Amino acid sequence: MNSEILIVRNLSKSYRTVSAVQDLSFTIMRGEIFGLLGPNGAGKSTTLAILAGLLPPSTGQITLDGLDLSKNLTTAKARIGLVPQDIALYPTLSARDNLVFWGRIYGLRGKELQKRIDEVLEIVQLTDRANELVNVYSGGMKRRINLAIGLLHQPEILFLDEPTVGVDPQSRNAIFKAVEALNHAGLTVIYTTHYMEEAERLCQRVAIIDHGQIIAMDTPANLVRSQGLSVIRLSILDGLIGSVEQQVRELPMVREVNRQDHTLNIHVQDAQKTLMEVLQITRGLSAQVTALEILNASLETVFLNLTGKNLRE
Amino acid sequence: MVYQIVAVTIKEIKVLLRDKRAFTGLFILPIAFILVMTTALQGVFDAGGNNHPIDLLVVNQDHGAIAAKVVADLSSATGLTLIEEQDSQPITRAIAENLIAARTYSLALIFPADFSDRIINAASNPSAEKALVSFITDPAVGNQLLSPVKGLVEGYIDREASVAQAPIQTRQFFNQMASAAPDGQAGFIRNLGARFAAQMSGAQDSTAQNLGFDIQVLPPAKFQAVRYPSSAEQNVPGYMIYGVFFIITIISASLFREKNEGTFRRLQSAPISRTALLIGKLLPYYLLNLVQIALMLLVGIVVFHIGLGSHPLGLVPLSLATAAAATGLGLLVTSLGKNQEQVGNLSTVLSIVLSALGGVMVPVYVMPAFMQKLSLAIPQAWALTGFQDVIVRGQGFEAILPVVGVLMGFALAFWALALRLFRFD
């Protein structure tokens, strides 16, 4: 991780009156796994589509390993691997036929093509199922072949757009292992997800996106340290939630309180210590608690602290 | 770029080979149409020919000789098979009506008992009641079958009636002259009339008579057909063109599948141009059209023994131009729709309606004038004309160039408009 491979400056994308991406600037280092985190509709996939050359930006500049993307799109595309969120395969062909086709599109041929197909099948652990039609695969196996296609031409940078949506634990684990192994071999990865645990496991740095803007960017550990308050999530049955909120706000360790219907998200430095005081308030007011949850400091709570809402909303 | 085009083409062919719906629509359906329609319509197209003569029940109740002579004339005519007996018994009117009601036969000709008497009476009394000849026919039988038989019967009756009436009218003429002549000459004139009439009667073996003319049917000099088209020669090119243009349904389904499954979008992240992608994508369908044409002509040749005209090489540019128009129309139809359902319905309706308007199912010349004009804007109509020019009319390369030019014009217009409107997302 010693040089910049991708530089993004003031990137914006608008559709008539809707602004999908607003003034994004960030730099990706070679050999890094960089996470783009955000809820559905935050602008992650649009950002990735622009970076992969699928969409032209409205404004801004992208430089891939010294190449201005707007002027060298075809050259740049050969160095990019895209694994889209959709399972973009030909279901009536076998996995091997799919790989042959995509390999040829990237200019691979002959023995080199066969060698690469065998290698990527090994990476996604589907060598023994390669000759089966894709339409008999499970969702997870399809996602693994989806990943394998993105790796065929040995890209310098790999864009993974929500690669584990809807997959079984076995396939999810296989994808994690593949990404980690590829990164150890030097591949740069941009990984979009709304699963915080994935970002915490895989990413060296993350950018949190909401409403098309980056609202925080750092290593997961630094973000949790600086922004990651624990959250006590408390649901109250009756009309006393306003009184509970008022008293909770006065507790010394409480940094912030968000209210969503009958639920209070109480952001605190130490959840264990504050919990007893919160419960004493509810008992004193005879408020009936219907649900109680403690979220320890994590990227999930970082997002909650920054936006006031859950990542999966 | 060529390598990528070939890669897309090979992939598309592999996908197509596993697409049973496409295979059915492009091959099974048109071949089934060719087999069924050609066989079913053989009677209509070839009716009256030596190979498929029209069966005509004949009920002769005439007490005189004229109806028998008409029947003798009809029996010597080509294209008719007269049936006068059933189980060695003469057919009666009741039997004929039963046979037609049972759909065993379609047509019966009835001569009344007084047929000869009335014709002979008419010779001397123009205002006498006419003989009434009847046709009994299944109401489902069209005029195309009835009219020629009716015309033939009328012609022979006219001839035999003239032959029977001529001596009577001659004798009457001389008798009238004799009445007006001086007494000494009246007998001579009557005798002269009787001798004329007797000589005419003696020479009235009408069936052996040389009338001094015959009829032949010829194509225009610039056509080189040695014979007129059979049912197969009409239907094989017709349904072949229907099958060729059915490709628009398959193309639109395939393009929308690529869009819906995200493969088009993913392909755009690869270093392949949109032009190469579209060429590679549509080339298999173009080739498939050519295979369709070859296969269906082969079915026509093997099953129905059709010929390919005097200049079969003319079929090559015609096939290339027809396939270009069909694939261009497929891309254009896809470009006009927003989703697969919309385009699926549009392409199915278009492939059937345009084929019908183009004369695939009903020949253009039997359509109303405005539909005939409309067919000039239908590529299927031009394609059908071109194939029939070569196969049926025996025309060569130069003669069909205008048709090839029009089809290429359609193709260019379709492709230009489609490429302008097509969206990859």
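The values are calculated or read from the model by the stated rules, or taken from the named source; none is laboratory data. This is a predicted model, so every value here is computed, not measured. FYI the Cβ positions are ideal-geometry reconstructions off the backbone, even for glycines, and counts take in every protein chain you see. The area values use the complete protein model at the heavy-atom level, side chains included, leaving out ligands, DNA and RNA. Shrake-Rupley method; radii C 1.70, N 1.55, O 1.52, S 1.80 Å.
Just a few scattered comments:
- Remark: pairs (first residue in the stretch B:3-19, more than 7 Å from chain A (Cβ to nearest Cβ); second residue modelled with pLDDT under 85; Cβ separation under 6 Å; 6+ apart in sequence or on different chains) = B:L16/B:A22.
- Within the stretch A:86-99, the residues that satisfy the criterion of being within 7 Å of chain B (Cβ to nearest Cβ) and of a type outside the set (A, V, I, L, M) are A:D86, A:Y90, A:T92, A:D97.
- Within the stretch A:77-96, tally of residues that are among the charged types (D, E, K, R) and either in contact with a His (Cβ under 8 Å, 6 or more places away or on another chain) or free of Cβ contacts under 8 Å to residues at least 24 places away in the same chain (or both): 1
- Helices (runs of 4 or more DSSP H) contained in the stretch B:229-296 and holding at least 1 residues away from every other protein chain (no Cβ under 14 Å) and of a type in the set (S, T, Y): B:231-245, B:247-260
- Restricted to strands (runs of 3 or more DSSP E) entirely inside the stretch A:208-313, those with at least 3 residues that are in the same structural domain as A:M196 (by TED's automatic domain parsing) and under 30 Å from A:M29 (Cα atoms) are A:213-218.
- B:P229 under 24 Å from B:I400 (Cβ atoms), of a type outside the set (S, T, N, Q) and modelled with pLDDT under 70: yes
- Criterion: over 19 Å from A:V302 (Cβ atoms) and assigned by TED's automatic domain parsing to the domain that holds A:A52 - qualifying residue of A:L121, A:L202: A:L121
- Filter result for A:R79 (at pLDDT 90 or above and open to solvent by 20 Å² or more (accessible area, probe 1.4 Å)): yes
- If you go through the stretch A:50-59 and keep only what is surrounded by fewer than 18 Cβ atoms within 10 Å (Cβ to Cβ) and more than 14 Å from chain B (Cβ to nearest Cβ), you end up with A:S58, A:T59.
- Residues in the stretch A:24-49 that are touching a residue at least 40 places away in the same chain (Cβ under 8 Å), of a type in the set (A, V, I, L, M, F, W, C) and either surrounded by 17 or more Cβ atoms within 10 Å (Cβ to Cβ) or in contact with a helix residue (DSSP H, G or I) (Cβ under 9 Å, 6 or more places away or on another chain) (or both): A:L24, A:F26, A:I28, A:I33, A:F34, A:L36, A:L37, A:A42, A:L48.
- Taking each residue of the stretch B:316-345 that is in a loop (DSSP other than H, G, I, E, B) and looking for partners that are among the aromatic types (F, W, Y) with beta-carbon atoms closer than 9 Å, six or more apart or interchain, yields B:G337/B:F256; B:N339/B:F256.
- Residue match in the stretch A:100-111 (condition: of a type in the set (S, T, Y), over 26 Å from the mean Cα position of the chain (by Cα) and within 14 Å of chain B (Cβ to nearest Cβ)): yes
- Annotation note: of A:N146, A:N135, the sole residue that is open to solvent by less than 20 Å² (accessible area, probe 1.4 Å) and of a type outside the set (S, T, Y) is A:N146.
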